[in-house]
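Asker: I am attaching a structure below and will ask some questions about it afterwards.
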Amino acid sequence: MRWELKSDRPIYTQLTEQIELMIFSGVYPLGSKLPSVRDMAQDAAVNPNTMQRALAKLEEDGLIITHRTSGRSITEDARMVEIAKIKLAQEQISEFLEKMQLLGFEQKEVLTIIDNMVKEMKN
Amino acid sequence: MSTIFECKDLTKKFGSTVAVSAVNLKIERGQIIGLLGPNGSGKSTLIKLANELLTPTSGNILIDGKKPGIDTKKIVSYLPEKTYLNDWMRVYQIIELFSDFYDNFKPEKAYDMLKSLNINANDRLKTMSKGTKEKVQLILVMSREAELYLLDEPIGGVDPAARDYILQTILRNYNENATVIISTHLISDIENILDYVVFINQGKVVLTSSVDDIRDEKGKSVDVLFREVFKC
């Protein structure tokens with residue numbers, strides 16, 4: 001996994017997002033064990049405290065479970081992952097809709113364009 | 001968390017030149033701190049004061065609550081800006097010297113790192129390039145299990161690939177209760193591993209902040225902020 005960290009935003013939020021994507025895309029399957037904070041921090045070349053903070057955020061969101069003695073694992077609850085996934089999709093779509101509004105499109109027009117594109121892709 | 005490094009109204013003058021000026025600073029354990037400032041801002045002087053290589057003109061500097069001396073040198077691992085090792089020595093001889101000198105020096109760690117950087121322990125320092133010498137020195141410093149690492153310009157003379165390895169080395173070898181203070185002006189290279197930064201200019205502390213706070217509040221990297229604060 002290649003970590004991409006931009007310089008204008010807090011590092012831990014970027015780590016959180018990228019680990020989320022790894023969970024959604026199955027790099028870390030449901031119920032699987034996460035590497036140690038130390039190993040993950042080294043892999044991303046960041047401070048362990050920063051990685052710790054990113055994982056704490058994911059734990060808060062219910063995607064990661066901390067076991068008292070055996071480290072961390074991904075939740076086994078597919079519903080939690082689904083919820084987080086939808087939330088991320090909603091964020092991206094609302095960003096997209098704002099851009100379309102700036103271009104002067106009505107929401108209906110946007111839907112028509114999307115519809116047509118999807119049909120074309122099927123062909 | 002307890003305080004590992006503290007300055008109280010610390011001042012150091014060389015004749016009429018004020019190198020460190022009434023600095024008040026408190027650093028907690030378990031962090032990696034960037035001591036950042038332009039050339040001649042007082043970074044090295046501050047670190048030398050912490051190692052008793054210089055004594056304060058006024059004010060105090062405390063390591064783990066104690067004035068720098070024999071007790072603090074046991075828990076501080078220091079990488080000076082210039083090498084002090086004898087050129088004619090072979091790397092393994094220096095490792096033996098360090099093992100004799102420091103209780104908390106782990107030779108196996110040193111040999112491990114030498115191996116991953118392809119440095120031969122039989123080589124004499126004299127025959128090595130500037131960058132390789134710097135690597136050897138950092139390896140020695142990081143092979144101690146210290147409570148405070150004071151690294152004065154650890155990545156100045158090495159190539160970018162080795163720089164990455166050195167940062168990895170720092171990350172791997174410091175334990176959760178240890179503290180690392182890195183002085184440098186190569187900020188973009190190290191800012192991802194820092195918890196906290198201290199900006200210093202003309203002997204004064206001008207800013208202390210966590211790296212994430214800087215990015216959160218100002219929407220810019222530490223490197224960009226540094227260029228703004230110290231614009232010539």
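The values are calculated or read from the model by the stated rules, or taken from the named source; none is laboratory data. A quick note: this is a predicted structure, and the numbers were derived from the prediction, not measured. Here the Cβ is made from the backbone with ideal geometry for all residues, glycine too, and neighbour counts use every protein chain on show.
Asker: Taking the condition of being out of contact with any helix residue (DSSP H, G or I) (no Cβ under 8 Å at 6 or more places or on another chain) and at negative phi, how many residues in the range B:51-68 meet it?
Answerer: 6
Asker: Go through the range B:76-101 and report how many residues are more than 18 Å from the chain's Cα centre (by Cα) and within 23 Å of B:E147 (Cβ to Cβ).
Answerer: Count: 7.
Asker: Give the residue, chosen from B:D212, B:D223, that is assigned to a helix (DSSP H, G or I), in contact with a Ser or Thr (Cβ under 6 Å, 6 or more places away or on another chain), farther than 24 Å from B:V76 by Cβ and within 10 Å of chain A (Cβ to nearest Cβ).
Answerer: The match here is B:D223.
Asker: In the range B:160-179, which residues are over 17 Å from A:V37 (Cβ atoms) and not in a helix (DSSP H, G or I)?
Answerer: B:T179
Asker: If you don't mind, there's one more thing I want to ask. Look at B:E228 and say whether it is part of a helix (DSSP H, G or I) and either small (G, A, S) or more than 12 Å from chain A (Cβ to nearest Cβ) (or both).
Answerer: Yes; evaluated as a whole, the condition is true for this residue.
Asker: Return the total of residues in the range B:113-123 being surrounded by fewer than 14 Cβ atoms within 10 Å (Cβ to Cβ) and not polar (S, T, N, Q).
Answerer: Counting residues in the range B:113-123 that are surrounded by fewer than 14 Cβ atoms within 10 Å (Cβ to Cβ) and not polar (S, T, N, Q) gives 1.
Asker: Quick one: which helices (runs of 4 or more DSSP H) lie wholly within the range A:1-117 and hold at least 2 residues that are at pLDDT 90 or above and away from every other protein chain (no Cβ under 14 Å)?
Answerer: A:11-24, A:48-60, A:78-102
Asker: For residues that are within 14 Å of chain A (Cβ to nearest Cβ) and over 19 Å from the mean Cα position of the chain (by Cα), tally how many sit in the range B:1-52.
Answerer: 1
Asker: Any chance the range A:84-98 includes a residue that's in contact (Cβ under 8 Å) with a residue 24 or more places away in the chain, of a type in the set (A, V, I, L, M), within 19 Å of A:Q14 (Cβ to Cβ) and outside the structural domain of A:E20 (by TED's automatic domain parsing)?
Answerer: Yes, that holds for at least one residue.
Asker: Turning to a different aspect of this structure: What residue, of B:K135, B:K204, B:K130, is within 16 Å of the chain's Cα centre (by Cα), away from chain A (no Cβ under 14 Å) and basic (K, R)?
Answerer: Criteria check complete, one pass: B:K135.
Asker: A further question on this structure: Determine which member of the set B:N192, B:N175 is more than 20 Å from B:L25 (Cα to Cα), surrounded by 14 or more Cβ atoms within 10 Å (Cβ to Cβ) and at the interface with another protein chain (Cβ under 10 Å from one of its Cβ atoms).
Answerer: Testing whether each residue is more than 20 Å from B:L25 (Cα to Cα), surrounded by 14 or more Cβ atoms within 10 Å (Cβ to Cβ) and at the interface with another protein chain (Cβ under 10 Å from one of its Cβ atoms) leaves just B:N192.
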